[in-house]
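What follows is calculated from the coordinates using simple rules that are stated; it is not laboratory data. Please read these numbers as outputs of a predicted model, since none were measured by experiment. Counting neighbours? That spans all protein chains shown, and the Cβs are built from the backbone with ideal geometry, glycine included.
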Amino acid sequence: MEFPLAETIYDVAIIGGGPAGYTAAIRGAEYGLKVALIESSAKLGGTCLHVGCIPTKALLFNAEIWDHLSHAAEFGIGGIGAPTLNWAAVLKRKDGIIAKHVKGLDFLMKKHKIERMEGFGRLTGPATDGVHTVEVTNAADEISQVKTKNVILATGSEAKMLPGLVADDRILTNIEILSLNQVPKSLAVIGAGAVGMEFASMFRTFGTEVSIVEFLPRVVPVEDEEISKEMTRLFKKRGIDVNTGARVEKVEKTEGGVKVTFTDANGKTQVKEAEKVLVAVGRTPRTGGIGVEKTKIEMERGFVKVDGAQETAEPGVFAIGDIVAGLPQLAHVGAMAGVVAVAKIAGREFRPIRRDRIPGCTYTEPQIGSVGLTEAQAREKGYEVKVGKFPFAGNSKATILGSHDGFVKIVADAKYGEILGVHILGPQATELIAEAVAVMELEGTVEEMIFTIHAHPTLAESLLDAYGAVEGMAINA
Ligand SMILES: Cc1cc2nc3c(=O)[nH]c(=O)nc-3n(C[C@H](O)[C@H](O)[C@H](O)COP(=O)(O)OP(=O)(O)OC[C@H]3O[C@@H](n4cnc5c(N)ncnc54)[C@H](O)[C@@H]3O)c2cc1C
């Protein structure tokens with residue numbers, strides 16, 4: 001790889017080529033900025049593309065197909081017999097999807113004339129005469145310097161481990177679990193956030209005996225309480241063993257697998273044995289060794305503090321993605337943060353990210369899609385709250401799909417009908433939530449939505465009914 005001559009001064013150098021970094025690079029180039037993208041791996045895409053969003057959703061789609069095939073007779077389709085799973089082919093398809101998107105990113109970098117540099121990037125200190133110097137160390141330990149007017153840190157995160165544990169072929173993080181050579185017979189999942197819940201859902205569909213152990217009192221703890229409650233009921237109905245309010249005491253290897261010892265919600269010691277254990281207890285920002293200590297950048301428990309333009313306390317240094325303090329670690333949040341940062345750098349208009357306008361999606365069976373305040377949060381903030389709830393059992397498209405579990409819940413402000421939060425558990429919830437995000441972004445009201453035509457028969461009509469329910473006027477329930 002050739003490095004550019006030292007005298008090239010970039011408008012922005014981005015450290016990290018995950019969804020936050022590559023989005024910032026592309027939008028920066030679209031604004032006409034001279035952009036350098038520094039990525040330590042040979043492949044762009046980061047956690048999201050290689051060991052996160054994309055591979056998990058690919059495998060969850062396999063699980064969905066498997067589920068449909070297992071119920072083929074209900075849909076009048078015979079001759080399928082007992083479907084068998086070719087796990088190697090499942091993984092190959094997943095890897096093919098990743099490879100295709102890696103190529104797509106390579107193409108986009110060339111198209112936008114973004115200078116790619118392979119190596120580990122680090123800040124060397126504050127700018128001198130408005131120019132920052134970023135040091136890049138490549139795989140052969142050769143060091144070069146990149147001169148740039150602005151720097152965006154986008155170095156992402158990695159899975160947290162429980163103290164004393166090291167990931168291997170039995171103690172798994174999101175990385176190891178995505179390349180298991182066969183579906184495990186049993187799996188203990190520690191942590192019931194989106195990552196843990198998605199793997200639990202997927203492997204249960206493939207026949208694995210799954211136990212979930214969660215420290216907090218409920219699964220998907222960031223969601224509305226009613227979603228957590230119903231999700232727990234539905235997971236239990238699927239035969240998943242759900243333990244909340246449970247503190248893991250020990251994870252040990254046994255002859256054939258692992259043993260998880262925990263104190264349950266009643267203070268009783270319990271033991272779950274499984275072939276594998278997935279540790280899904282959150283993600284640590286990758287901010288070590290990137291030179292933040294040589295600058296005025298303010299940190300908060302390893303995360304980088306930024307303002308509404310994603311700029312740190314060090315002028316000209318921005319941070320986006322999973323390393324940012326106070327924002328959820330989601331690919332679409334990182335990407336939008338990148339868009340905001342380069343808009344600021346290019347002197348364009350931008351809107352700071354609002355936490356209450358961020359969709360959160362969990363691709364379990366059934367799915368969760370939510371945005372804005374939960375009912376409890378809205379009450380805590382002092383709103384006079386009105387709630388509308390509509391079950392998918394009353395939606396004709398859900399009947400057609402054979403997918404009646406779940407509901408739509410609208411949290412609205414009683415005074416002006418402002419929509420404060422939308423919480424969906426059910427079929428295609430991760431797609432349906434897009435409407436709610438758009439409406440909230442445009443500050444729509446319940447009344448406006450009650451008069452917004454939704455096509456029939458669609459799952460989206462369940463939103464129309466839920467808005468109606470806020471005024472006690474759902475049509476189909
Ligand atoms: C199993 C799993 C499933 C997920 N599913 C979803 C989902 O469905 N939807 C969603 O929105 N989010 C999901 N996420 C979260 C999502 O993956 C992250 O929020 C997202 O990848 C963060 O993007 P990022 O660009 O900040 O960091 P990353 O994607 O982690 O990318 C950072 C990049 O920076 C590089 N890098 C690090 N340090 C340096 C350095 N010093 N120099 C050069 N390069 C460096 C790394 O090699 C990496 O390529 C999931 C995460 C996991 C683990």
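The range 1-97 holds helices (runs of 4 or more DSSP H) entirely within its bounds, and those carrying 1 or more residues that are surrounded by 13 or more Cβ atoms within 10 Å (Cβ to Cβ) and in contact with a Phe, Trp or Tyr (Cβ under 6 Å, 6 or more places away or on another chain) map to 53-70.
The residues listed here are Lys305, Lys389, Lys409; of these, the one that is more than 14 Å from the ligand (Cβ to nearest atom), within 20 Å of Arg122 (Cβ to Cβ) and in contact with a strand residue (DSSP E or B) (Cβ under 8 Å, 6 or more places away or on another chain) is Lys305.
Out of Thr399, Thr458, Thr452, I need the residue that is polar (S, T, N, Q) and either part of a strand (DSSP E or B) or crowded, with 16+ Cβ neighbours inside 10 Å (or both). Which one? When all the criteria are applied, what remains is Thr458.
Restricted to the range 256-275, and to residues that are closer than 11 Å to Arg170 by Cα and of a type outside the set (A, V, I, L, M), which residue is surrounded by the fewest Cβ atoms within 10 Å (Cβ to Cβ)? Checked the range 256-275; the qualifying residue surrounded by the fewest Cβ atoms within 10 Å (Cβ to Cβ) is Gly256.
For the criterion of being touching a strand residue (DSSP E or B) at 6+ places or on another chain (Cβ under 6 Å), of a type in the set (S, T, N, Q), on the phi < 0 side of the Ramachandran plot and more than 14 Å from the ligand (Cβ to nearest atom), Thr254 fails.
The set of residues from the range 139-172 being within 15 Å of the ligand (Cβ to nearest atom) and among the acidic types (Asp, Glu) comprises Asp141, Glu142, Glu158.
Which residue is surrounded by the fewest Cβ atoms within 10 Å (Cβ to Cβ), if the candidates are limited to the range 312-340 and must be closer than 29 Å to Thr56 by Cα and more than 12 Å from the ligand (Cβ to nearest atom)? Ranking the candidates gives Gly326 first. For the range 364-373, the count of residues that are surrounded by 19 or more Cβ atoms within 10 Å (Cβ to Cβ), among the acidic types (Asp, Glu) and under 19 Å from Thr148 (Cβ atoms) is zero.
Within the range 224-250, being of a type in the set (Lys, Arg) and part of a helix (DSSP H, G or I) holds for Lys229, Arg233, Lys236, Lys237.
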